[in-house]
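Read-outs: derived from the displayed coordinates by stated rules, not from any lab. Remember, it's a predicted structure, so these values are computed and weren't measured experimentally. Note that each Cβ is placed from the backbone with ideal geometry, even for glycine, and that neighbours are counted across all protein chains shown.
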Amino acid sequence: MTAVSTAAPPTARPGSLLSDIAAVWTRETMTIVRDPFSLVFSLLQPLVFLALFAPLLSGVAGAGLAGGSTLQWFLPGVVVMITMFGTSMTGSNLQFEIMTGAFERILATPLSRAALMVGRALKELTPLVVQAAVIVLVAWPFGFRLYPAHIALGLVVLGVFGVGIGALSYALAIAARKSEWIFWAVQQTLLFPLLILSGMMLPLENGPAWMQLASRLNPLTYVVEAERALFAGTFADPAILYGALAAALTCAVGLGVGVRAIRGSTL
Amino acid sequence: MIHTEALRRSFGSGAQLVEAVRGIDLDVEEGELVALLGPNGAGKSTTLRMLTSLLPPTSGTARVAGVDVRAEPAEVRRRIGYIGQKDGAGHNYRVRDELRMQGRFYGLDRRTAAARGERLLADLDLAGLARRKVSTLSGGQRRRLDIALGLIHAPGLLFLDEPSTGMDPQNRANLWEHIARLRRERGTTIVLTTHYLEEADAEAERVIIIDHGRIIADDTPAALKANLAGDRITLTVPASDVAPTRAVAERVGSELRQHPHGGDVELSFRVQAGPARLPAVLGDLAATGVEVRAATLRQPTLDDVFLSLTGRSLREGADAR
């Protein structure tokens, strides 16, 4: 118990949550920085989706599409979709690092537990900003009306939601650390019902009552509706408030579950 | 530097309850090099993980580097370094990037992290590998990188969990060289676990033997061997001379075992200060008229210590991972 002060390294300072998040994010994005080609591919995917799906949708012009162009309706859905794809895979890189040992090494650092998840989720969200910009710019000449301020707010809401999904994915990776396939089984089993029941790809207004009820219980539905309102160029729609609320709630639940999972991960 | 009282950890509950650590009282002073030695499953790693705040204790207290592990786990982590059993560096990252980011994780500013990273790369013979992806490194190179990662924030207290497992002799010698230098240059306190007997014997100044979650011995390797095992003299004599041999030898030590060897008999005795006693014993036997066919002296190992404490050999479990 003598000379305890020597144990504290002189240059280390107590990290704030933000600097912890920045540090984790910087490490994670190193994989993109050192291998930028992966980003090019991730850009193509939503474009292909948009190009192959949007023309079909104009043929299914139902109640949900009334009054707006197909693109204006569909594009926010694609942005939400790529967010879900990206952030729900947050845990897959983590699983690899749990296996090799890097996870334990990082757990032994003073980094805040929440920062571990937020930093990783933000890394998955980083290409999203570029992807969204590219999609929007490509759609512009085809009659998509551009509202940059609204889209920016939309991305913030989506970011908060994405951090929550990322944290849940992180927790799932820890829970499934002993058998890798369970992560993918659960991720795939949950992802598609969530996407379809949010009305993201096809409007649910013409669907059966049980589907409409299920979609009301799906937080993603509110986020999708908020994004649609914002991409349509309004701040006045209450759907935006509900969407922001759903995003904040998802984020809080995700981080809560994630921190618990991390605490239990060394058992 | 470390002070624990009745530190316990159990896993599971009911019939599945496993008491991994059952009440450890431990004090480590600044600058010590302590090896926790014991068979696999003895509770070494669990103890280490509680001391590094990675695992909350079921009961008991531990103060590490002046901080309570339960009350302020993050502060404990800030003050210590930890090098685990597996690869610390992410396989998909580059060597230099990982080192610098590790510095940032400990709150170092960008410049300090970069400067220390370069220094450690040079110190650990990793300079030529700075731009390599971790997955392309050899096992020994990865281990050196792990050590660099554990040292980036210059901790005053360093924990190493089975640092030499799976290393070839050359890399093991390298590891110990680095540990010796850390102590010489910075006075770092070092606590490590190992199940290699020779290593604990040769390198640690203090060996704590753990078995079934408890400390069963705690001393310098020399004192452990002298007090708990002693030297062993084995004499081979004709079967007819067993009684007089025993009479002579029991004056200096206690008989351990006796078994036939061809027409002769092998008698083993445990003695203190064996090298000094052996000539006298042989002289006495010659004077008594006993014809000694062979005489060997074996100095004890830590395995003999473990054997005399538990009745089991450490080696039996050593490779059963």
What would the Debye formula give as log10 I(q)/I(0) at q = 0.12, 0.13 Å⁻¹ for the alpha-carbon point model of the protein assembly as shown, no solvent?
-> -1.14, -1.24
Cβ-Cβ FRET estimate between A:A152 and B:A122, R0 fixed at 51 Å, reported to 0.05 = 0.65
Classified through the alpha carbon gyration tensor (a ≥ b ≥ c as square roots of its eigenvalues; rounded if a/c is under 1.5, else prolate when a/b is larger than b/c, else oblate), region A:150-230 comes out oblate
Region B:231-299, Kirkwood Rh and Cα Rg, ratio Rg/Rh at 0.91
Calculate, for B:A287 and A:I32, the FRET efficiency according to 1/(1 + (r/R0)^6) with r their C-beta to C-beta distance and R0 51 Å; round to the nearest 0.05.
-> 0.05
Max mean-square fluctuation residue, GNM over chain B, Cα-Cα springs under 10 Å, options B:L149, B:L51, B:L137 = B:L137
Neighbour-count ranking [beta-carbon atoms within 10 angstrom, fewest first] of B:D304, B:D123 = B:D123, B:D304
Rounded to the nearest Å, what's the spacing between the alpha carbon centres of region A:203-219 and region B:251-280? Just the number, please.
-> 88
Per-residue ellipticity at 222 nm for chain B, helices alone: DSSP H runs ≥ 4 residues times -39500 (n - 2.57), over residue total, nearest 500 deg cm²/dmol?
-> -11000 deg cm²/dmol
Per principal axis, descending, Cα span of chain B in whole Å | 80, 50, 33
Which value at 222 nm does chain A reach when only helices count, each DSSP H run of 4 or more adding -39,500 (n - 2.57), with the total divided by all residues and rounded to the nearest 500 deg cm²/dmol?
-> -24500 deg cm²/dmol
Per the Kirkwood formula over distinct C-alpha pairs, the hydrodynamic radius of region A:206-267 in angstrom is 13.4
Name the most mobile residue of A:R113, A:R105, A:R228, meaning the one with the largest mean-square fluctuation, in a Gaussian network model of chain A with Cα contacts below 10 Å.
-> A:R105
Dimensionless Rg ratio for region A:43-166, taking C-alpha atoms and the 2.2 N^0.38 Å reference | 1.29
Considering only region B:2-225, percent of DSSP beta bridges that pair antiparallel, nearest 5 | 55
At q = 0.17, 0.18, 0.27 Å⁻¹, base-10 log of I(q)/I(0) for region B:30-75 (Debye sum, equal scatterers on each alpha carbon) | -0.54, -0.60, -1.05
Reduced to Cα centres, the span from region B:22-98 to region A:71-135 in Å works out to 29
Those lysines that a straight Cα-Cα span of less than 27 Å connects to A:K178, excepting residues fewer than 8 apart in one chain = A:K123, B:K44, B:K86, B:K133
